[in-house]
1. Listing ILE58, ILE119, ILE19 from the residue with the fewest other Cβ atoms within 10 Å to the one with the most, what is the order?
2. Straight-line reach from LYS107: which lysines have a Cα under 27 Å away, not including same-chain ones fewer than 8 places off?
3. What's the extension gain from LYS96 to ALA15 if we count 0.36 nm per residue and subtract their Cα-Cα distance?
4. Restricting to DSSP loop positions (anything but H, G, I, E, B) with no more than 14 other Cβ atoms inside 10 Å of their own Cβ, which GluC sites (Glu not before Pro) remain in the stretch 19-82?
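Please treat every number below as a calculation from the coordinates, not as lab data. Quick caveat: nothing in here was measured; it's all calculated off a predicted structure. Here Cβ is always computed from backbone atoms with ideal geometry, including for glycine, and neighbour counts include all displayed protein chains.
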Amino acid sequence: MGINAYRQTIAKTEAPRQIERRLLSEATSLLLQHTDFDALETKEEKLAALSGGVRDAIWKNEQIWLAFKFDLAEQENGLPPQVRASLISLALWVEKHSVGVLRGTQKIKPLIDINRSIIRGLSGDASEEGE
């Protein structure tokens with residue numbers, strides 16, 4: 001019961017943007033623990049890294065992006081349609097790129113970069129387009 005009470009308290013005290021930012025920050029921290037994956041060259045090294053926590057970090061990140069995608073697809077979502085469509089496209093890219101990381105053909109850093117960009121936006125720190 002303690003964890004449920006904690007979750008209810010968070011839901012009542014944190015705004016949705018704060019929750020999204022916090023979850024995405026947690027996933028990004030996990031990904032940052034595995035940036036050495038990007039320098040691995042052999043299939044064996046990559047498989048070892050995947051079983052050593054990379055897969056879990058990618059999955060955590062993917063769960064968050066899946067939740068974003070489903071929320072953005074809801075009619076009740078308050079974002080403008082163009083913004084929703086752009087974020088859904090980004091979520092689809094994250095899915096595809098994540099599969100590439102798990103296959104050993106893509107790097108983790110682009111996922112970190114995307115997350116950081118969205119975190120800045122959720123924090124109100126997004127720079128103007130074109131800067």
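1. ILE19, ILE119, ILE58
2. LYS43, LYS46, LYS60, LYS69, LYS96
3. Stretched out fully, the LYS96 to ALA15 stretch lengthens by 26.2 nm.
4. Those satisfying the criteria are GLU41, GLU74, GLU76.
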